[in-house]
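Before any comments, here is the structure.
The values are calculated or read from the model by the stated rules, or taken from the named source; none is laboratory data. Here the structure is a predicted model, which is why all the values come from computation and not from measurement. Positions of Cβ are generated from backbone atoms using ideal geometry, with glycine treated the same way; all protein chains shown enter the neighbour counts.
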Amino acid sequence: MGFASDFGLSIAVFMGAFCITFFMEHLTRPVGRGLWSRPRLVLHGLVMGGLFGWCVLISGSVWLSACVMVLGVLVGVIASNIKFSLLGEPLLFSDVVVARSFLRNPKFYLFSVPLPARVAVVAIVLLLPALFIHVACQGLHAGMRLSGALMAMGSFIGLRMIPRTRWAPVPDAQADITRLGLVGSLHLYWHRWQAEPDGRPPPPISPSTRPRRDIVVVVQCESFADPRRLGLGRDVAIPPMPGLDQARQLASAWGTLEVSGFGAYTMRTEYGVLFGRGEADLGFRYFDPFLTAGRERDFALPYRLGHAGYETVFMHPHNLGFYSRDHLMPAIGFHELVGGAAFAHAASLSMPYTPDCDVADAVLQRVDKATQPLFLYVVTMENHGPWPKGEGGGLAHYLRHLEGSDRMLDRLAKGLEATGRTATLVFFGDHRPSIPGSVEPGKERDTPFVVIDFPVARASHAAAAQALSPAELHGVIERHALETG
């Protein structure tokens, strides 16, 4: 066949695959009415045209390229729907980083993926490259490859002409899945994230600023929530939370932390507390603010408190390579990192991660060794999934570990008070757990927080509850930690 015939066949096969993938994409949750919106039609056509063109250029086969289109969208829709059912959020461009983490720490994610989906993904990953190599070696297919190159080039030029800021002015993932489509929103959000400017740094720490406290301990407790606010039903034995209740009585500030993520996205809460930037300030960076956090050192608590005279320590009883904390935390001002190697814990089915009370002991030991003002930021792991489906199911397993976190809070409060030093303890949950059938995504996503100052001022009545964002909690910590001259 001549080039004209090859090009015509390429267009015909692409249009057939386009129609299949376009209607398939409409199954992405949440389902809306934006099927025929112009942005969605244009974006889907150009992105898929680019994918199809590159595949034809590499393989010389329009049929294989069409299969890649359909499989790619199918996997994306299934992955997005699984994620939406667990976390209340569709697939995002930033989940590519999670895919990298998946390869390093598969047990973090496999428990939430159905077995057929696991088998299908492994089969695709293994078979597609081999199929491409086999087909590409069958002949040159120069006309087909040229057709693919022209389609890829045309799609690239078309995507460059898209009015990105007009079609995606602000991040609204759930609405844009309908208006832009899954493929279009992934592409457009990625470009909008790339173009997001750095924030203007806050005023630097004054030379006259000095530590207000001897010790500041901030504990970011994995999946910590008040079980009485999870809507678990009357047949569930809700454990008492004496540590949390007592901490609220002693606290100078307490209430609910208004986190945006559910069941995951620890880094969003962690970033807000460490950097003090609200999600509205972040724009499209909000989906995974750790990706650009290394450029924002001037906002970070360890950097600011370190300049005021604090020794700054980051403690996490797990692999510090997760979320690239091993590189990020020193870059934003932590002088010392304490990772999983410092904790002698033998993982078991009932206790896969380091118990929170063991972390409390390590914190208090580090406090005892402090010879200068100390800022210690802790990220715990005991409540992290997966939760075994044994006796009582995943919910019972989670509630047992939640009691361990409650004991940790009580142990830290008593231990810091016993030192006789001036200290501040900040304790909060990073997000609620996602436990299918028991705790599922909804509008209510808050977690508890408490701020206790030692020595405790025994007031005649407890402080009133308040609702704070993670960025606002950052401000509370800085005000408690620093004294300006």
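Out of the range 250-260, which residues are surrounded by fewer than 21 Cβ atoms within 10 Å (Cβ to Cβ) and either part of a loop (DSSP other than H, G, I, E, B) or at pLDDT below 95 (or both)?
Passing the criteria: SER252, GLU258, SER260.
Consider ALA418 against the criteria (1) surrounded by fewer than 16 Cβ atoms within 10 Å (Cβ to Cβ); (2) in contact with a Leu (Cβ under 8 Å, 6 or more places away or on another chain): it satisfies all of them except one. Which criterion is unmet?
(2)
If you take the residues of the range 22-42 that are under 26 Å from the mean Cα position of the chain (by Cα) and not charged (D, E, K, R), which of them is surrounded by the most Cβ atoms within 10 Å (Cβ to Cβ)? Steps first, please.
Initial filter on the range 22-42 (under 26 Å from the mean Cα position of the chain (by Cα)): 25-32.
In the following step, the residues that additionally are not charged (D, E, K, R) were identified as 26-28, 30-32.
On the way: HIS26: 15, LEU27: 14, THR28: 24, PRO30: 13, VAL31: 12, GLY32: 15.
Checked the range 22-42; the qualifying residue surrounded by the most Cβ atoms within 10 Å (Cβ to Cβ) is THR28.
Is it the case that some residue within the range 211-221 is exposed (fewer than 15 other Cβ atoms within 10 Å of the Cβ) and either touching a residue at least 40 places away in the same chain (Cβ under 8 Å) or polar (S, T, N, Q) (or both)?
The answer is no; no qualifying residue exists.
What pairs come up if the first residue lies in the range 259-270 and is closer than 15 Å to HIS384 by Cα, the second is modelled with pLDDT of 90 or more and among the hydroxyl-bearing types (Ser, Thr, Tyr), and their beta carbons are under 6 Å apart, counting only those six or more places apart or on different chains?
Close Cβ pairs (under 6 Å, with a partner that is modelled with pLDDT of 90 or more and among the hydroxyl-bearing types (Ser, Thr, Tyr)) amount to GLY263/SER434.
Any idea how many residues of the range 1-53 are in contact with a helix residue (DSSP H, G or I) (Cβ under 9 Å, 6 or more places away or on another chain) and part of a loop (DSSP other than H, G, I, E, B)?
Going through the range 1-53 one residue at a time, the tally reaches 13.
Count, please, the residues in the range 467-485 that happen to be outside any helix (DSSP H, G or I) and either modelled with pLDDT of 95 or more or touching a His at 6+ places or on another chain (Cβ under 8 Å) (or both).
The number of residues fulfilling the criteria is 4.
Kindly indicate the residue of the range 370-394 that is of a type outside the set (D, E, K, R) and at pLDDT below 90 and also surrounded by the fewest Cβ atoms within 10 Å (Cβ to Cβ) among those meeting that condition.
GLY390
Across the range 1-20, what is the total count of residues that are touching a residue at least 12 places away in the same chain (Cβ under 8 Å) and among the small types (Gly, Ala, Ser)?
5
Within the range 263-278, take every residue that is in a loop (DSSP other than H, G, I, E, B) and modelled with pLDDT of 95 or more and give me the one that is surrounded by the fewest Cβ atoms within 10 Å (Cβ to Cβ).
Checking each candidate, the answer is ARG277.
Looking for whichever is under 24 Å from ASP245 (Cβ atoms), assigned by TED's automatic domain parsing to the domain that holds MET329, within 20 Å of the chain's Cα centre (by Cα) and at pLDDT 90 or above here; the options are HIS397, HIS401, HIS431. Which one fits?
Exactly one of HIS397, HIS401, HIS431 is under 24 Å from ASP245 (Cβ atoms), assigned by TED's automatic domain parsing to the domain that holds MET329, within 20 Å of the chain's Cα centre (by Cα) and at pLDDT 90 or above, namely HIS431.
Kindly indicate which of VAL367, VAL439 is aliphatic (A, V, I, L, M) and either out of contact with any strand residue (DSSP E or B) (no Cβ under 9 Å at 6 or more places or on another chain) or buried (at least 23 other Cβ atoms within 10 Å of the Cβ) (or both).
Being aliphatic (A, V, I, L, M) and either out of contact with any strand residue (DSSP E or B) (no Cβ under 9 Å at 6 or more places or on another chain) or buried (at least 23 other Cβ atoms within 10 Å of the Cβ) (or both) holds for just one of VAL367, VAL439, which is VAL439.
With the requirement that a residue be among the small types (Gly, Ala, Ser) and more than 26 Å from GLU440 (Cβ to Cβ), what does the range 361-412 give you?
Result: ALA362, ALA370.
Please go through the range 157-181 and pick out each residue that is in a helix (DSSP H, G or I) and free of Cβ contacts under 8 Å to residues at least 60 places away in the same chain. Give the derivation first.
Of the range 157-181, the ones in a helix (DSSP H, G or I) are 157-160, 164-167, 173-179, 181.
Result: ILE157, ARG160, ARG164, THR165, ARG166, ASP176.
Has the range 4-20 got at least one residue that is over 15 Å from GLY148 (Cα atoms), surrounded by 18 or more Cβ atoms within 10 Å (Cβ to Cβ) and acidic (Asp, Glu)?
no
Going by the conditions given, is LEU87 touching a Gly at 6+ places or on another chain (Cβ under 7 Å), at pLDDT 90 or above, assigned by TED's automatic domain parsing to the domain that holds ASP172 and farther than 30 Å from SER147 by Cβ?
yes
On the basis of being under 28 Å from the mean Cα position of the chain (by Cα) and among the small types (Gly, Ala, Ser), does SER155 make the cut?
For SER155, the condition - under 28 Å from the mean Cα position of the chain (by Cα) and among the small types (Gly, Ala, Ser) - is not met.
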